[in-house]
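A.B. asks: My questions will all concern the structure given below.
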Amino acid sequence: TLGEPLLVVEGLCVNYGRIEAIRNVGFQVPERGIATLIGANGAGKTTTLKTISGLRPVRAGRILFEGEDITKVPSHKLVQRGICQSPEGRGVFPGMTVEENLDMGAYSRKDRRTGAIREDRDRVFTLFPRLLERRSQFAGTMSGGEQQMLAIGRALMSRPKLILLDEPSMGLAPKLIQQIFTIIREINAQGTTVLLVEQNAMQALRTADVAYVLETGEVVREGTGAALAEDDSIKAAYLGGD
Ligand code: ATP
């Protein structure tokens with residue numbers, strides 16, 4: 001069963017210069033749940049995640065985490081508080097090995113005992129056996145899918161309460177997309193709350209407890225993932241994403 005909202009976003013407005021990227025965006029992520037934001041290219045999904053992570057300034061609105069206002073908390077402090085983003089695309093350190101990348105993910109966590117870090121690394125290797133096989137390979141020489149797994153694994157190394165995933169299925173072969181969604185469910189089942197941004201709308205809706213549809217910077221629909229996945233107008237709009 002889902003808990004109280006862990007993250008609450010209210011009336012969020014973010015600009016790039018005079019361009020309004022998102023307008024009055026509001027949504028909630030239930031504790032221990034999976035929430036998804038879906039929408040077409042340019043709808044404002046990435047901007048919303050970056051703003052929650054403290055990488056974009058807020059023009060109006062507020063962001064609450066565990067009931068506390070984090071609207072102006074800088075990015076590195078948010079990681080310490082338990083919010084970690086796995087960036088869109090690659091975003092790994094290409095000149096470092098898989099293992100070194102994972103260790104970098106543990107850098108800003110509170111519990112820095114070697115044993116605890118090793119335990120979490122093993123957990124990541126269990127989720128992603130491919131990373132274990134490649135533990136000594138330079139990240140820059142891995143495939144797109146492998147780098148995506150590494151980016152998620154690295155985010156998990158900070159032991160986040162809330163993980164923000166920006167299009168984890170992007171550019172992956174269909175079989176790998178299935179795998180990534182299975183792994184997201186597994187990460188969630190192990191106790192991490194998930195906010196998932198996806199263009200692969202139907203998969204995301206089937207995975208999420210709650211879902212929000214963004215269109216040109218605004219939330220236009222919301223509901224349970226299951227309800228929106230069955231909705232005819234959503235199906236019609238996002239059929240290509242199935
Ligand atoms: P995609 O799925 O294509 O990544 P998105 O839903 O994540 O799209 P955003 O990247 O958040 O959308 O973009 C929202 C709007 O803000 C778009 O109109 C985009 O052109 C604009 N935008 C994003 N980044 C910048 C920037 N650095 N400077 C100016 N405008 C930007």
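A.B. asks: In Å², and per residue, what accessible area does the chain have when probed at 1.4 Å with the other protein chains present? Walk me through the intermediate numbers first.
C.D. replies: On the way: 11250 Å² over 242 residues.
Normalised by residue count, the accessible surface of the chain is 46 Å².
A.B. asks: Something else: Determine the distance separating the Cα centre of region 153-192 from the Cα centre of region 196-242; give it in Å without decimals.
C.D. replies: 18
A.B. asks: Right, here's the next one. What FRET efficiency comes out for Lys235 versus Thr126 if R0 is 35 angstrom and r is the Cβ-Cβ distance? Round to the nearest 0.05. Mind showing how you got there, number by number?
C.D. replies: Numbers: r = 35 Å, r/R0 = 1.01.
So, using R0 = 35 Å, E works out to roughly 0.50.
A.B. asks: To continue, here is another question. Would you kindly find the accessible area of Lys161, with a 1.4 Å probe and non-protein molecules such as ligands, DNA and RNA excluded, rounding to the nearest 10 Å²?
C.D. replies: Number for this one is 90 Å².
A.B. asks: Given labels modelled 7 Å from the Cα in the Cβ direction, how far is it in nm from Met96 to Ile19?
C.D. replies: Spacing of the two 7 Å Cα→Cβ label points: 3.1 nm.
A.B. asks: OK, next. Mind putting together the pair-distance distribution for region 150-242? All Cα pairs, 5 Å bins, whole percent per bin, short to long.
C.D. replies: 3, 13, 24, 25, 18, 12, 5, 1
A.B. asks: Calculate for the chain the 222 nm mean residue ellipticity that helices alone would give, adding -39,500 (n - 2.57) per DSSP H run of length 4 or more and normalising by residue count, nearest 500 deg cm²/dmol.
C.D. replies: Working: 10 runs with 91 residues, N = 242.
Roughly -10500 deg cm²/dmol at 222 nm, from the helical runs in the chain.
A.B. asks: Take Tyr107 and Lys72, extend 7 Å from each Cα along the Cα→Cβ direction, and tell me the distance between the two endpoints in nm.
C.D. replies: It works out to 2.7 nm between the two label points.
A.B. asks: Which helices, taking whole DSSP H runs in the chain, have alpha carbons extending 24 angstrom or more along the helix axis plus mean Kyte-Doolittle at least 1.6? List each step's numbers first, then the result.
C.D. replies: Working: long enough: none.
Answer set is empty.
A.B. asks: If you roll a 1.4 Å probe over region 1-120 with all protein chains in place, what percent of the accessible area is carbon or sulfur? Present the calculation step by step, with values, prior to reporting the outcome.
C.D. replies: Values: 3030 of 6120 Å².
After summing per-atom areas, the C and S share lands at 49 percent.
A.B. asks: Next up: With the crude spin-label approximation of a point 7 Å out along Cα→Cβ, what separation in nm comes out for Asn41 versus Glu10?
C.D. replies: Reported label-point gap for Asn41 and Glu10 is 3.6 nm.
A.B. asks: For the chain, build the charge dipole from Cβ charges (+1 Lys, Arg; -1 Asp, Glu) around the Cα centre, then report which of Ile234, Thr47, Val219 sits farthest towards its positive end.
C.D. replies: The listed residue farthest towards the positive side: Thr47.
A.B. asks: Right, here's the next one. From largest accessible area down, sort Asp166, Asp122; use a 1.4 Å probe on the protein chains.
C.D. replies: Working: Asp166 5, Asp122 80 Å².
Largest to smallest exposure gives the sequence Asp122, Asp166.
A.B. asks: Can you return the lysines within cross-link range of Lys161? Criterion is Cα-Cα under 30 Å, with same-chain partners fewer than 8 residues away left out.
C.D. replies: Lys161 reaches Lys45, Lys50, Lys72, Lys77, Lys110, Lys175.
The values are calculated or read from the model by the stated rules, or taken from the named source; none is laboratory data. If you're wondering where the values come from, they're calculated on a predicted model, not measured in any experiment. Here the Cβ is made from the backbone with ideal geometry for all residues, glycine too, and neighbour counts use every protein chain on show. Protein only, heavy atoms only, side chains kept; ligands, DNA and RNA dropped before computing areas. Shrake-Rupley method; radii C 1.70, N 1.55, O 1.52, S 1.80 Å.
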